[in-house]
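Have a look at the structure below before the remarks.
The values are calculated or read from the model by the stated rules, or taken from the named source; none is laboratory data. Please read all numbers here as calculations on a predicted model, not as lab measurements. Cβ placement follows ideal geometry from the backbone for every residue including glycine, while neighbour counts extend to all protein chains displayed.
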Amino acid sequence: MASQQDTQVIMNSGNVFADLGVSEPEEELAKAQLASHIRLTIKHRRLSQAAAAALMGVDQVNVSSLMKGRLSGLSSEQLLRYLTRLMQDVVRSSAGV
């Protein structure tokens with residue numbers, strides 16, 4: 001077991017994607033935040049994946065992937081459209097999503 005003398009504390013940037021060296025970390029953080037809001041909206045409204053898919057205009061498989069955090073192939077713009085189709089007000093700001 002490491003002693004306290006061996007422990008090193010490193011401050012993070014506030015963006016896990018930047019800390020991991022992901023290209024376009026701000027975009028990835030925005031997508032993660034949008035997807036989180038979509039998941040919360042679906043759960044709050046107690047929608048089935050099929051019902052959410054119908055509202056969002058996608059297949060249920062796409063909703064399943066989104067609910068599991070699989071965002072590859074999705075853009076922020078697509079996620080914003082999904083939120084709008086779920087009747088969520090979306091306001092863009094320069095400070096982030």
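Identify all residues within segment 43-54 that are buried (at least 16 other Cβ atoms within 10 Å of the Cβ) and among the hydrophobic types (A, V, I, L, M, F, W, C); write none if there are none. Correct list: Leu47, Ala52, Ala53.
Out of all the residues in segment 39-80, which are part of a loop (DSSP other than H, G, I, E, B), more than 27 Å from Glu26 (Cβ to Cβ) and out of contact with any helix residue (DSSP H, G or I) (no Cβ under 7 Å at 6 or more places or on another chain)?
Hits for segment 39-80 are Arg45, Arg46, Leu47, Ser48.
Leu40 meets all of the listed conditions (1) farther than 19 Å from Phe17 by Cβ; (2) under 13 Å from the mean Cα position of the chain (by Cα); (3) of a type outside the set (Asp, Glu); (4) buried (at least 17 other Cβ atoms within 10 Å of the Cβ) but one, namely (4). Just so you know, in segment 9-37 the residues that are outside any helix (DSSP H, G or I) and β-branched (Val, Ile, Thr) include one that is modelled with the highest pLDDT, and it is Val22.
Within segment 82-92, track down each residue that is closer than 14 Å to Ala30 by Cβ and assigned to a helix (DSSP H, G or I).
To start, the set of residues in segment 82-92 that are closer than 14 Å to Ala30 by Cβ comprises 82-83, 90-92.
Tyr82, Leu83, listed by residue number.
Residue count for segment 29-80 under the criterion of being under 28 Å from Gly14 (Cα atoms), touching a residue at least 24 places away in the same chain (Cβ under 8 Å) and not polar (S, T, N, Q): the result is 17.
How many residues, within segment 56-77, are crowded, with 16+ Cβ neighbours inside 10 Å and either touching a Lys or Arg at 6+ places or on another chain (Cβ under 6 Å) or not β-branched (Val, Ile, Thr) (or both)? Quick ask: steps written out before the conclusion?
As a first pass, look at segment 56-77 and keep what is crowded, with 16+ Cβ neighbours inside 10 Å: 56, 58, 62-63, 65-66, 71, 74, 76.
Applying the additional criterion that residues be either touching a Lys or Arg at 6+ places or on another chain (Cβ under 6 Å) or not β-branched (Val, Ile, Thr) (or both) yields 56, 62, 65-66, 71, 74, 76.
Final tally of qualifying residues: 7.
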